[in-house]
Amino acid sequence: MDQAGRPEKILIIDDEQSILDGCRQALEKLGHEVLTAADGEEGLRLARTERPALAFVDLKMPRLSGMEVIDILAKDIPDLIIIVITGYASIMSAVESLKKGAYDYMPKPFAPDQLRAVARRALDHRNLLIEARRLKQERKEIERNFITFVTHEMRSPLAAIQQNFEALTMVLGDSLTDEASEIIERCRRRIQNLEDLIEHWLDIRRIENGTFVKEREELLLDEVIQRAVEEMSQLCHNRDLTLETNLAENLPAVMGDRESLVRVFINIIGNATKYTPAGGAITISTDYNDSYVKAMVSDTGKGIPRGKIPFLFVPFYRADGNDNQERTRGSGLGLTFCKRIMDAHDGKITVESKEGSGTTFTLHFPRSTPREGE
Amino acid sequence: MTSEPKKKILLIDDDIDFLKATKLILEKGGYQVVTAEDGKSGVDAVESENPDLAVVDMMMETWGEGFSVVSKIRKLSGGKTLPLIVLSSVDLQGPYQSFEPSEEFPKVNMVLQKPLKAEDLLRYVQELTN
């Protein structure tokens, strides 16, 4: 029975008439509708038109072999549970058929009770598969709605507050004292931090449910780095930091999602600007060998204590503890975001740091194409 | 006083606090502002108020209501060439797009992300109304 208690269709494919008859009798007793086919081709035809829940397939049949039938059924008919019927001599091929996607096998000869037990178990298995998929879809849907909800319900009030600060500044105009300006600026900055936090948090959720990093294409890191540098150069300039690149020639392409990788570089460069004193430098360089392409972002900042490095990619971890300077305050999710993005690219992110002299973040990408001509 | 008559801006947004702030900014910037707090009265106001520009929030009530408001405005005789700014609280250029307008979706003149810097808003409005 299916979950609603309706009888299921069960298909038997076997070239022995006695097996077909025996199976039909045994399974019809359970209330199921039994379809029979005396060869593989007829079996495939019935499977396609009738969409049975289960198929029992004999391995040894003339013309189209059972193995071929299983192969096609497993690929073509969704949610069909395949059970192999096999003689004693062909245990090896039974194993092979399991690999091809069969759920179980029954050695011949078998008793009606045995057949019914296997059929019941297979139907339960099928129901569980269908149920699991339904739940997974439902969860994904909830997750998606939740993201939509958060996006709207959390951002809208923040946007309204920011907009009112803008209006307030304008209404007060010249009568706004320096003191009052500072107060407004502080409020704005904290709201901005909260907006960033929501943004990063959403990004991480999106990576988790696969709505991020979906556009993978062959791309050159040089272009990605160039975009991140353009985006960050003003900030570096404001903080009196030099931002330079030292890119390897003929760097091989990598497979990646351009937008999310630009964000990764922006995040890491942004981090570097927070921890590097004025007058310092941030350098982006690239390198490659036969198996990987990598990009390094180095700064001449204060460095990260050795003991804190393992925690850098943990959500909300802050290397500077509660020493929460205005300019170093971030969402606590930036590096988590970078790590998730690199994971999604089958790559990794590593960090080396020396206290007092600087930090280097390295992004490792697998080579997108195997070497040629060797 | 020989100054030109003020340009009229229509704001359509169901977030009243946002609406009031934006109204103040535009008024300080020398515009006459009319507001609508839902899509329907917004579309009606295009006809009754005959504004020089409309700013429509994309996220009113249900996702996508902004889109249908824009469609309806574009179908009005007075709305065909009305300069339209669409506001969104998500970055629509970003990787997460919940809906993509179809090809035949009526053109808007500008898509901006909330919140807006006062000077940016005034600059864009001036560009589009001149």
| How big a patch of accessible area, both sides summed and in Å² to the nearest 100, lies buried between A and B at a 1.4 Å probe? | 2000 Å²
| Per residue accessible area in Å² of the protein assembly as shown, where ligands, DNA and RNA are left out and the probe is 1.4 Å | 52 Å²
| query | So for A:364, A:237, what's the accessible-area order with a 1.4 Å probe, most first? | reply | A:237, A:364
| said: Starting from the 7 Å offset along Cα-to-Cβ, what nm value, one decimal, do you get for the label separation of residue B:32 and residue A:259? | reply: 4.1 nm
| message | On a full-extension model of 0.36 nm per residue, what is the gain between residue A:25 and residue A:238, subtracting their alpha-carbon distance, rounded to one decimal in nm? | response | 68.3 nm
| query | Mind checking the mean number of beta-carbon atoms from other chains within 10 Å of the Cβ atoms in B:17-23? | reply | 6
| field | Rounded, prolate or oblate (a/c below 1.5 giving rounded, otherwise prolate when a/b exceeds b/c) for segment A:1-76 by Cα gyration tensor | value | oblate
| query | Gain in length, residue A:354 to residue A:15, computed as 0.36 nm per residue apart minus the alpha-carbon separation, to one decimal in nm? | reply | 114.6 nm
| remark: With all protein chains in place and a 1.4 Å probe, residue A:354 shows an accessible area in Å² (nearest 10) of 140 Å²
| request: Determine the shape class of segment A:144-261: with a ≥ b ≥ c the square roots of the Cα gyration tensor eigenvalues, call it rounded for a/c under 1.5, and otherwise prolate if a/b is greater than b/c, oblate otherwise. | output: oblate
| note | Here the averaged projected area of segment A:32-85, based on the convex hull of its alpha-carbon atoms and given in nm², is 3.3 nm²
| Partner lysines for residue B:72 [C-alpha distance under 22 Å; skip if fewer than 8 residues away on the same chain] | B:8, B:40, B:80, B:107
| note | Of the DSSP H helices in chain A, the ones reaching 24 Å or more along their long axis in Cα terms and averaging at least 0.0 in Kyte-Doolittle hydropathy are A:258-275
| remark: With a Förster distance of 56 angstrom and the Cβ-Cβ distance between residue A:177 and residue A:98, calculated FRET efficiency to the nearest 0.05 equals 0.10
| note | Of all DSSP beta bridges with both partners in chain A, the antiparallel percent, nearest 5, is 50 percent
| request: Order B:119, A:182, most accessible first, counting only protein heavy atoms with a 1.4 angstrom probe. | output: B:119, A:182
| task | Could you compute the FRET efficiency for residue A:168 and residue A:274, with r as their C-beta to C-beta distance and R0 at 22 Å, rounded to 0.05? | result | 0.15
| request: Run the quick spin-label model on residue B:41 and residue A:316: label points 7 Å from Cα toward the beta carbon, then report their separation in nm to one decimal. | output: 4.1 nm
| Which distance in nm do the two modelled labels at residue A:131 and residue B:113 give, with both placed 7 Å along the Cα-to-Cβ direction? | 4.4 nm
| note | Taking Cα pairs closer than 8 Å and at least 6 residues apart, the relative contact order of chain A in percent is 11 percent
| Accessible surface of chain A [probe 1.4 Å, protein heavy atoms]: carbon and sulfur percent | 51 percent
| What is the projected area of the convex hull of the Cα atoms of segment A:233-317, averaged over all directions, in nm²? | 7.0 nm²
| Using a Gaussian network model of chain A with C-alpha springs under 10 Å, which one of A:39, A:174, A:203 is most mobile by mean-square fluctuation? | A:174
| task | Compute the label zone of residue A:117 within segment A:26-50: residues whose backbone N is under 20 Å from the point 7 Å along Cα-to-Cβ. | result | A:26-32
| request: Hey, can you grab everything whose amide H is under 5 Å from the amide H of residue A:8? Only 5+ residues off in sequence or another chain; H modelled, so Pro and N-termini drop out. | output: A:2, A:33
| field | Intensity falloff of segment A:75-146 expressed as log10 I(q)/I(0), Debye formula with alpha-carbon point scatterers, at q = 0.11, 0.28 Å⁻¹ | value | -0.40, -1.22
| message | Taking the full set of protein chains and a 1.4 angstrom probe, give the accessible area of residue A:291 in square angstrom, rounded to the nearest 10. | response | 80 Å²
| message | Per 0.36 nm of contour for each residue apart, how much would the distance between residue A:364 and residue A:41 grow if the chain were fully extended, relative to their Cα-Cα spacing? | response | 111.2 nm
| task | Using only the Cα atoms of segment A:1-149, build the gyration tensor, take square roots of its eigenvalues as a ≥ b ≥ c, and label the shape rounded, prolate or oblate: rounded if a/c is under 1.5, else prolate if a/b is larger than b/c, else oblate. | result | prolate
| query | Based on the Cβ-Cβ distance of residue A:6 and residue A:150, what FRET efficiency does E = 1/(1 + (r/R0)^6) give at R0 = 41 Å, to the nearest 0.05? | reply | 0.50
| So how many Å³ per residue does the convex hull of the Cα atoms of the protein assembly as shown work out to? | 248 Å³
| query | How many Lys pairs in segment A:78-224 lie less than 23 angstrom apart by Cα atoms, where the lysines are 8 or more positions apart or on different chains? | reply | 4
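The values are calculated or read from the model by the stated rules, or taken from the named source; none is laboratory data. Just so we're clear, the structure is a prediction, and the values are computed from it rather than from any experiment. So basically every Cβ, Gly included, is an ideal-geometry build from the backbone, and we count neighbours across all protein chains shown. Remember, those area values only see protein heavy atoms, side chains included, never the ligands or the DNA or RNA. Shrake-Rupley method; radii C 1.70, N 1.55, O 1.52, S 1.80 Å.
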